[in-house]
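Visitor: The structure under discussion is supplied below as structure tokens; questions concerning it will follow.
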Amino acid sequence: MESKLTSTNIWPPTIILALASAMLIWYTELSSSVQDIIYWMPYGLAAVTAMLAILFNRRQLIVVVLVNTFSYWLIVQYLQQPLDVPQAKLAFTLVCLFIPCNMVLNLLIKENGSKTLRACLHYWLLIVQVVVITSVINYLSLDAQPLIESWFAPRPIDGLVISSGALAIVTLCLVIAFVRLAHRPTSLTIGLFFSFVASIFPLAFLDREAISSVFFSASMLIVLYSGFRASHELAYRDELTGLLGRRMLFERLAGLSKNYTLAMVDIDHFKKFNDTYGHDVGDDVLAMVASKLDQVEGGGQVFRYGGEEFTVLFKGKKLDHAIAFLDDIRDLIAATPFAIRDKSSREKASKSARKENTKPHNTVQITVSIGVAEKSSQHANAEEVIKDADKALYKAKDKGRNIVVG
């Protein structure tokens, strides 16, 4: 549902990573005062991100802050010495396991707020890990050396510090995180994935001066940006369908002066359907139609306009281009059977009875009518384009519905 909106959100994290890489190149040329700022920057960004996460009730952001802050502290506290030192080698091994395992777990656990029981259990899991890791480093460094040499010996090849075993675990976690991102590419999951990527660089190339300060700062900046972006989208998104709402539509249109096509989509006979089957089933219809509309190709972006109406915006596209893709999506909706389920006694019934009651009793065909208008010199503003698309929509209704009129 959110993929078309958030695919462009890949660029800001990518730019942050590129700037972090460039900063490493120029780091030695910076003044000592600037270098001191960079050294403390991960802690400052952690504090800002934590406040944002608490304000917007985001457990996933809090977890990233905790993981990154503790990992950076471990590197600063124990890894400012050769890796041949037993304590440093153990600390490096543990941080190489701590970051990927917790980052991928954070992505997989569904966000449900920062103060829920699930969130509190997650925080306690992190606290237990912090206590155990710190205790093991301080008291069991020598005892752990045989295991490290067998499975997690650092510097397997020239230029790479992370061990082959830890690299395999990191790679597996990155693949799982990427699959999660591909399944649900929201602003937040994109940010969490790229934050994970940023936190891996210090593990792979620990020998580079200031790499931990720079890339943990980059990781914090990425989740900070993603948190702001996700909160902004939440304010503009329709809760029922998951689509952007009318407010965002008009903001997008305000930035377009020419070269776009706009379609108004209306569910046929929706009021009659709502009166017959009830508002709960009507909401299911809206959600189904929204999910199908969001599959439109050709560069279309879908908005919930209000009621049973949706808007599809094709930036930089001509009328004929838009009509072809809109007709495909109209066909898809008409070809998708909608099952009417009896939910009246679901709450009171037993588990087996609930399963029986929620089976389809009958299916109905849902269709939409679509009116399309292209921005031209005759339109003084976006409202006039919408009016022309509405006129085309009325023509589609008059012609028998379930058609596209431009």
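The values are calculated or read from the model by the stated rules, or taken from the named source; none is laboratory data. Remember, predicted model here, so these are calculated numbers, not experimental data. For neighbour counting, all protein chains shown are included, and Cβ atoms are generated from backbone atoms with ideal geometry for every residue, glycine included. All accessible areas refer to the heavy atoms of the entire protein, side chains included, with ligands and DNA or RNA removed. Shrake-Rupley method; radii C 1.70, N 1.55, O 1.52, S 1.80 Å.
Visitor: Only one of these conditions is not met by Arg184: (1) surrounded by 15 or more Cβ atoms within 10 Å (Cβ to Cβ); (2) under 18 Å from Pro82 (Cα atoms); (3) among the charged types (D, E, K, R). Which number is it?
Guide: Going through (1) surrounded by 15 or more Cβ atoms within 10 Å (Cβ to Cβ); (2) under 18 Å from Pro82 (Cα atoms); (3) among the charged types (D, E, K, R) one by one, Arg184 breaks only (2).
Visitor: Residues being closer than 24 Å to Lys391 by Cα and of a type in the set (Asp, Glu): count how many of those fall in the range 255-296.
Guide: Total meeting the criteria: 3.
Visitor: Go over the candidates Arg118, Arg59, Arg155 one by one and state the one that is in contact with a helix residue (DSSP H, G or I) (Cβ under 9 Å, 6 or more places away or on another chain), more than 18 Å from Ser226 (Cβ to Cβ) and among the basic types (Lys, Arg).
Guide: Of Arg118, Arg59, Arg155, the one residue that is in contact with a helix residue (DSSP H, G or I) (Cβ under 9 Å, 6 or more places away or on another chain), more than 18 Å from Ser226 (Cβ to Cβ) and among the basic types (Lys, Arg) is Arg118.
Visitor: Give Val223, Val285, Val302 a once-over and let me know the one that is under 21 Å from the mean Cα position of the chain (by Cα), open to solvent by less than 20 Å² (accessible area, probe 1.4 Å), under 19 Å from Asp331 (Cα atoms) and at pLDDT 85 or above.
Guide: Val302
Visitor: Quick one: His321 ticks every box in (1) assigned to a helix (DSSP H, G or I); (2) touching a Phe, Trp or Tyr at 6+ places or on another chain (Cβ under 8 Å); (3) surrounded by 18 or more Cβ atoms within 10 Å (Cβ to Cβ) bar one, so which box is it?
Guide: It is condition (3) that His321 fails.
Visitor: When you go through Gly278, Gly255, Gly307, Gly299 one by one, which is the residue that is within 14 Å of Leu240 (Cα to Cα), without any contact (Cβ under 8 Å) to a residue 40 or more places away in the chain and not charged (D, E, K, R)?
Guide: Going through Gly278, Gly255, Gly307, Gly299 in turn, just one is within 14 Å of Leu240 (Cα to Cα), without any contact (Cβ under 8 Å) to a residue 40 or more places away in the chain and not charged (D, E, K, R): Gly307.
Visitor: Answer yes or no: is there a residue in the range 214-226 that is free of Cβ contacts under 8 Å to residues at least 12 places away in the same chain and either of a type outside the set (Val, Ile, Thr) or part of a helix (DSSP H, G or I) (or both).
Guide: no
Visitor: Listed residues Lys355, Lys387, Lys348; which is at negative phi, part of a helix (DSSP H, G or I), at pLDDT below 90 and surrounded by fewer than 19 Cβ atoms within 10 Å (Cβ to Cβ)?
Guide: Going through Lys355, Lys387, Lys348 in turn, just one is at negative phi, part of a helix (DSSP H, G or I), at pLDDT below 90 and surrounded by fewer than 19 Cβ atoms within 10 Å (Cβ to Cβ): Lys355.
Visitor: Ok, one more. What pairs come out if I take residues in the range 15-40 that are assigned to a helix (DSSP H, G or I) and pair them with residues that are open to solvent by 60 Å² or more (accessible area, probe 1.4 Å) and modelled with pLDDT of 95 or more whose C-beta lies under 6 Å away, six or more apart or interchain?
Guide: Ile16/Leu221
Visitor: I'd like the full set of residues that are open to solvent by 70 Å² or more (accessible area, probe 1.4 Å), of a type outside the set (S, T, N, Q) and at pLDDT below 95, limited to the range 24-50.
Guide: Selection gives Ile25, Trp26, Glu29.
Visitor: Then there's this: Of the residues that make up the range 99-113, is at least one within 25 Å of Phe228 (Cβ to Cβ) and among the basic types (Lys, Arg)?
Guide: yes
Visitor: While we're looking at this one, here's another question. Within the group Leu244, Leu192, Leu167, Leu240, which residue is more than 12 Å from the chain's Cα centre (by Cα), of a type in the set (A, V, I, L, M) and modelled with pLDDT of 90 or more?
Guide: After ruling out the rest, the residue left standing is Leu167.
Visitor: Somewhere in the range 393-400, is a residue surrounded by fewer than 19 Cβ atoms within 10 Å (Cβ to Cβ) and not charged (D, E, K, R)?
Guide: Yes: one or more hits.
Visitor: Among the residues of the range 267-282, which ones are surrounded by 14 or more Cβ atoms within 10 Å (Cβ to Cβ) and within 18 Å of Asp238 (Cα to Cα)?
Guide: Passing the criteria: Ile267, Val281, Gly282.
Visitor: Show me the helices (runs of 4 or more DSSP H) found entirely inside the range 52-164 where at least 3 residues are in contact with a Cys (Cβ under 9 Å, 6 or more places away or on another chain), surrounded by 13 or more Cβ atoms within 10 Å (Cβ to Cβ) and among the hydrophobic types (A, V, I, L, M, F, W, C).
Guide: It comes to 86-108.
Visitor: Considering the range 112-156 alone, what residues qualify as being more than 24 Å from Gln87 (Cβ to Cβ) and without any contact (Cβ under 8 Å) to a residue 60 or more places away in the chain?
Guide: Hits for the range 112-156 are Asn112, Gly113, Lys115, Thr116, Leu117, Arg118, Cys120, Leu121, Trp124, Leu125.
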